[in-house]
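To keep things clear, I will list the structure first and then write my remarks on it.
The values are calculated or read from the model by the stated rules, or taken from the named source; none is laboratory data. Just so it is clear, the model here is predicted, and its values are computed rather than measured. Neighbour counts run over all protein chains shown; Cβ positions are idealised from the backbone, glycine included.
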Amino acid sequence: MTPQHQTASSADLIVTADHFQKAVVDQHEAEVIERASVSTWKDVWYRLSRNWTAMTGLCILTVLILLAIIGPWLTPYDFSKNDLMSTSLAPSEKHWFGTDDLGRDMFARTWMGARISLIVGFAAAFINLIIGVLYGGIMGYVGGRIGDIMNKISEIIYSIPDLLVAILLVVVFEPSLFTIIFAFCLTGWINMSWIVRGQIIQLKNQEYVLASRSLGASGMRILFRHLLPNTLGPIIVMLTMAVPAAIFGEAVLSFLGLGVQLPAASWGTMINDGTKVMLLYPWRMLFPAIMISLTMLAFNMFGDGLRDALDPKLKK
Amino acid sequence: MLVLLVLMLSLSTILSACTSSTAPEANKPTETQKPNNESKNDPSKETTAKQEFRFNLATEPPSLDPSLAQDVTSMTILNATFEGLTSTDANSKVIPGVAEKWDISPDGKKYTFTLRQNAKWSNGDPVTAHDFEFAWKRVLNPNLPQTSPYNYQLYYIKNGEAYFTKKIKDSNQIGVKATGDYTLEVELENPAPYFLDLTAFATYYPVHKSAKDNPAWANEANTIISNGPFKISSWAHSSQIELVPNEHYHKRDEIKLTKVTAVMLEDTNAVLNMYETNALDYIGPPFNGGIPSEQIPILKQTKKDELVIKPQASTYYYLFNNKVKPFDNKKVRKALSMALNRQLLTEKITLGDQKPAFAMVPPGINIANEEFRSQVDGNYFKEDIAEAQKLLAEGLKESGLDKMPAFTMKYNTNDLHKKVAQAVADMWKQNLNIDVKLQNVEWTVFLDQRTALDYEVARAGWNPDYNDPMTFLDLYTTGSGNNDLGFNNKKYDDLIKAAMKEVDLAKRQDLLASAEKVLIEEEMALLPIYYYTSITLIKPNFKNIYVDPLANFRFDRGYVE
Amino acid sequence: MFRYILNKFVFFVLAMFVLASITFILMKAIPGDPFVSEKAVPPDVKARLLAQYGLDKPLYVQYVTYLGNLLTGDLGISMKLANRAVVDFIRDSFPLSLKLGITAIFTSVIIGVTLGMTAAFRHRKLMDSTAMVIAVLGVSVPSFVMAAILQWLFAVRIPMFNVVGLVQAKDYVLPTMALSAMPIAYIARLTRSNMLEVLHSDYIKTARAKGLNSWQIMRRHVLRNGILPVVTFLGPLTANVITGSFIIEQIFGIAGLGKIYVQSIGNRDYSLIMGITIFYGLILMTARFFTDVAYGFIDPRIKLGKRKEGSA
């Protein structure tokens, strides 16, 4: 559609009909976007990849998750096998992270612990995501009286102190992996639901939604096809905060003796055990502590970067 | 804005206090003095041998009312602040307390105590036989606002149980009577050769009459009146208790310490750090938050003069549920017991010089003032993996099983129990190829499940109530409230019953030895693991402070050199 | 405004009721008998004990009694520490926790805001990164690890402070450091991002264009709008400090409410757990209530007196 520039020569100033050409309006060509289309996500990724802190965070996370998956197999030692003849050994060529009080290899245990801690973190975040998105989505989309009541219910639940309820729950039911995850989900979804609600209320009166509605799209279709995808940004940022919060929460429970139980060991329980012999066998606390700190660090770095990348105002 | 300013101002004052003290000092010590010099600071605090003793009690004592106390924390303070008719020495042998002397009737059922006339309460009132009668009847009183959870300790007394269960209404029928200010007559239901051990126990302590009008008298330092070597001068709840000598105590001259401080700290590191910085003189059992087992090997080297390890008359063992398959088969039980390596377990896991146990009654328990274990050999079985495998195969065949099913072993939540359980499970796995699932359960739930026989194998430990083998052996008779084995054995029941009635001490010892043989050698109804030790750290200049064989912590005759 | 406060107050009461009910239900759902002991307790003794705590009555009677008692401020009697009322425990221990908590909150706000502002004004410079690294380290190290290390380092290795206790002014230093690390980090990041947003906003640019000098801009616009959101963080901050106190009081041997709470959990002292949970709930919800009300005064977007429709 770029206009054809007629190079005007001074010699030939007379314009005749021959100079004109009939424009063929090609419907198809008219719609072609010549500049490469940059979708929001590509744009976000572009900006994210230029942010070195965020990328460092992402790299650390990837490595940690990878090691959680394959770590226990990198060493010939089984994470649960006792060896009473080699208890509390310092890190060496054989045992890279040393051994614990029952002679178990700390390297294998650290990565088994990583599995548990990451499972707690991701599972809690994921469940919060589902409940929060559903509840918030419905709350925002339906609106009116029902939305109001749903909102009030969530406000009441929100004002119940989460860790207290978590502690109570774990005291009442045995501290299994399931109870712990469940405890963190009781109130954890509320923030998520509010963000979703806020976004949806903002979006639902926008033209494209109105258009879609007038074209007869069903409520569900509008919710899932139009509204939710547009709230993804804040949701993801929220997730990068929920995962480490649950991992840390589990560590606090471990300190209170309410962490995951045998044969499972999380970073939290390992740190708690290790802290008791911190001065004698520092490696027993150090390795899991470093890993949990790295995880926190990585999530924070990545989350910050992601938030910046998602914020159009900070576009340079 | 204004609010914020105010906030900031008030903050900056706090902060300046904080930072000014942190910042400059934080750098100084590292530059000017080497950390090794820290010991130099210590003598300045402790130059004169002040007769003051500080120890870690770990937790708030649940009750300092002798009638209501039932735990070792409360007992520790009570033992120093009260005195019963009798008392015990460092070997847990009976010595006179408030009673000067006593007569026992030939049938062993009637005791007449003569009280010393110079025994006084901490407020100067004389301690009389009426105070004992009042205290004991108070324990048995079913109408008190607070029920004594340990009152069955007084069921030995005639009509004690009947009165508490309201079968009789008249408290005068209870078998305790002050026939004069200084004479107390006690009648028992059955002869109990260890009754004089019982009268040294907290539930039998006297209580001052003022308790009648104030049920909560034992809640605060200023309302507690006691008759022992010490009295409580202050009690900051959940923080610390301070004791000073009771000026009216009849043996006041034997009390050397001028102040005893019991702090309540549970964090292992904090406790050790306190000891390290000379803020505590003693840490260790019988309280929680003692010395972590893994510290012991190091402490043996670094604190040779301060680490004291002594045998304690308690047994650590596992219960078999004798009612469920395959643990109802004694060959299976024996196989499991013989497949362990107790020596390795105590050397590598518990680390506190504990002795492997092959019997139920631990060393240190006396019978007729002689140690039971030195009279009766305690090696009822031997560890033998080959034999264990053979027995297991036979036992399984008898039970109609071709393979040992995987089972669950329960233990109450505790670091040491967890380690022992993991080690035992691993030994079974390696020696008998049995898969064991470990499950930790919270204390109260654990006890419930054990009582309801809702387990396959479960941890247990027993501290003696009094110094006699009976406290260990009458646990597993049919109908005993403590029988959480599901163990019903006529022969065993008869032996125990006979021993309870037997007045002849030699015969009684034989009966108890035979009963133990049935329990362990013949039936292996339970799986003994080790005999406890008490592991303590105490500054070397503190003398005569110890844990006695019955696990009581005693410091009342302690002194500083 | 009145309506707004009333609205928030109704929430406060409702939420307390829900918390009280949840606590009650959970405590009744606990398996195991609170009076069980290793040495068998004869059934008649146990029956007496149950009657003493009203546990022999039907559940709904217990529930109604419980709610009624709550209204009169009666939280019951401890089941493990004989004869002592839950209220007494709170009375004895809460002042210590409060002193430590307030110190920690002030410290967190001051250091956090300072760090955050420094980072924002030196955006993308060395100071920014440094401040943020400090902040992120604060959230990365579990508080019990930090507390244990601080204690060993500054009380044993370099004996500057007492290992435990909260008697002298200097005793506050270590626990406060351990307790504030995480909130400092959060507040610093919150402040930084708020400040950045404000600094980049159009009205600041306008103000600058009008010729206001930077100090005036700072004072009139940036500070106010950048720091006020920290007020909203006071609720979560209180929660954070309370949670932290469970750990810190234990390690530093402070006989505060957090230590009692952890101990009651260890003892499974149900009436004490219930009572303290309710009390903590009350504090947290009060903190949230006041935050809400304060925010209502501060934030002009909350239209006072008019009912807000849930459409925007």
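Quick one: is B:D181 more than 14 Å from chain C (Cβ to nearest Cβ), acidic (D, E) and surrounded by 19 or more Cβ atoms within 10 Å (Cβ to Cβ)? When the stated conditions are applied, B:D181 does not pass them. If you take the residues of segment B:348-374 that are more than 21 Å from the chain's Cα centre (by Cα) and surrounded by 16 or more Cβ atoms within 10 Å (Cβ to Cβ), which of them is nearest to B:S293 (Cα to Cα)? So, considering only residues that are more than 21 Å from the chain's Cα centre (by Cα) and surrounded by 16 or more Cβ atoms within 10 Å (Cβ to Cβ), the one nearest to B:S293 (Cα to Cα) is B:I349.
Restrict the check to segment A:138-156 and report whether at least one residue is within 30 Å of C:V262 (Cβ to Cβ) and in contact with a Leu (Cβ under 8 Å, 6 or more places away or on another chain). Yes - at least one qualifying residue is present in segment A:138-156.
For segment A:65-79, a residue qualifies if it is surrounded by 19 or more Cβ atoms within 10 Å (Cβ to Cβ) and within 14 Å of another protein chain (Cβ to nearest Cβ), and the qualifying residues are A:Y77, A:F79.
Of all positions in segment C:211-228, none carries a residue that is in a loop (DSSP other than H, G, I, E, B) and within 14 Å of chain B (Cβ to nearest Cβ). If you go through segment A:199-213 and pick out every residue that is charged (D, E, K, R) and facing chain C (nearest Cβ under 10 Å), you end up with 1. The residues in segment A:257-294 that are farther than 14 Å from B:Q295 by Cα, at the interface with chain C (Cβ under 8 Å from one of its Cβ atoms) and buried (at least 22 other Cβ atoms within 10 Å of the Cβ) can be counted, and the count is 7.
Do we find a residue being touching a strand residue (DSSP E or B) at 6+ places or on another chain (Cβ under 8 Å), modelled with pLDDT of 80 or more and part of a helix (DSSP H, G or I) anywhere in segment A:106-121? Taking every residue of segment A:106-121 in turn, at least one turns out to be touching a strand residue (DSSP E or B) at 6+ places or on another chain (Cβ under 8 Å), modelled with pLDDT of 80 or more and part of a helix (DSSP H, G or I).
Looking at C:S129, C:S140, which is the one that is among the hydroxyl-bearing types (S, T, Y) and touching a Leu at 6+ places or on another chain (Cβ under 6 Å)?
Result of the check over C:S129, C:S140: C:S140.
The conditions of being at the interface with another protein chain (Cβ under 10 Å from one of its Cβ atoms) and of a type in the set (D, E, K, R) are not met by B:K497.
Quick check on B:L485: is it among the aliphatic types (A, V, I, L, M), within 14 Å of chain C (Cβ to nearest Cβ) and in a helix (DSSP H, G or I)?
no
Of the residues that make up segment A:179-198, is at least one of a type in the set (D, E, K, R), part of a helix (DSSP H, G or I) and within 10 Å of another protein chain (Cβ to nearest Cβ)? Checking segment A:179-198: at least one residue is of a type in the set (D, E, K, R), part of a helix (DSSP H, G or I) and within 10 Å of another protein chain (Cβ to nearest Cβ). Answer yes if at least one residue in segment B:444-465 is free of Cβ contacts under 8 Å to residues at least 24 places away in the same chain and under 30 Å from B:Q509 (Cβ atoms), and no otherwise. Checked segment B:444-465: no residue is free of Cβ contacts under 8 Å to residues at least 24 places away in the same chain and under 30 Å from B:Q509 (Cβ atoms).
In segment B:407-417, the condition of being more than 23 Å from the chain's Cα centre (by Cα), more than 14 Å from chain C (Cβ to nearest Cβ), crowded, with 16+ Cβ neighbours inside 10 Å and in contact (Cβ under 8 Å) with a residue 40 or more places away in the chain is met by at least one residue. The residues of segment C:240-254 that are within 8 Å of chain B (Cβ to nearest Cβ) and touching a Lys or Arg at 6+ places or on another chain (Cβ under 7 Å) amount to a single one, C:Q250.
The rows are residues; the columns are (1) within 14 Å of chain B (Cβ to nearest Cβ); (2) exposed (fewer than 13 other Cβ atoms within 10 Å of the Cβ); (3) touching a Leu at 6+ places or on another chain (Cβ under 9 Å); (4) modelled with pLDDT of 80 or more.
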residue	(1), (2), (3), (4)
C:L6	no, yes, no, yes
C:F12	no, no, no, yes
C:P31	yes, no, no, no
C:P34	yes, no, yes, no
C:P43	yes, yes, no, no
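Looking at this structure, is C:F106 within 19 Å of the chain's Cα centre (by Cα) and within 10 Å of chain B (Cβ to nearest Cβ)? Yes, satisfied.
Results for (1) away from chain C (no Cβ under 14 Å); (2) within 26 Å of B:A135 (Cα to Cα); (3) more than 24 Å from the chain's Cα centre (by Cα); (4) part of a strand (DSSP E or B), shown as yes or no for each residue.
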{"residue": "B:N227", "(1), (2), (3), (4)": "yes, yes, no, no"}
{"residue": "B:W235", "(1), (2), (3), (4)": "no, yes, no, yes"}
{"residue": "B:S238", "(1), (2), (3), (4)": "no, no, no, no"}
{"residue": "B:I241", "(1), (2), (3), (4)": "no, yes, no, yes"}
{"residue": "B:T261", "(1), (2), (3), (4)": "no, no, no, yes"}
{"residue": "B:E266", "(1), (2), (3), (4)": "no, no, no, no"}
{"residue": "B:A279", "(1), (2), (3), (4)": "no, no, yes, no"}
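Looking only at residues in segment C:120-146 that are over 27 Å from the mean Cα position of the chain (by Cα) and outside any helix (DSSP H, G or I), the one that is farthest from the other protein chains (Cβ to nearest Cβ) is C:R122.
Of the residues that make up segment B:523-542, is at least one touching a residue at least 12 places away in the same chain (Cβ under 8 Å), surrounded by fewer than 18 Cβ atoms within 10 Å (Cβ to Cβ) and closer than 30 Å to B:E52 by Cα? Looking through segment B:523-542, at least one residue is touching a residue at least 12 places away in the same chain (Cβ under 8 Å), surrounded by fewer than 18 Cβ atoms within 10 Å (Cβ to Cβ) and closer than 30 Å to B:E52 by Cα. C:R157 fulfils the conditions (1) modelled with pLDDT of 80 or more; (2) out of contact with any Leu (no Cβ under 9 Å at 6 or more places or on another chain); (3) closer than 20 Å to C:T107 by Cα except for a single criterion, (3).
Identify all residues within segment C:147-166 that are touching a residue at least 24 places away in the same chain (Cβ under 8 Å), assigned to a helix (DSSP H, G or I) and surrounded by 22 or more Cβ atoms within 10 Å (Cβ to Cβ); write none if there are none.
Result: C:A147, C:A148, C:Q151.
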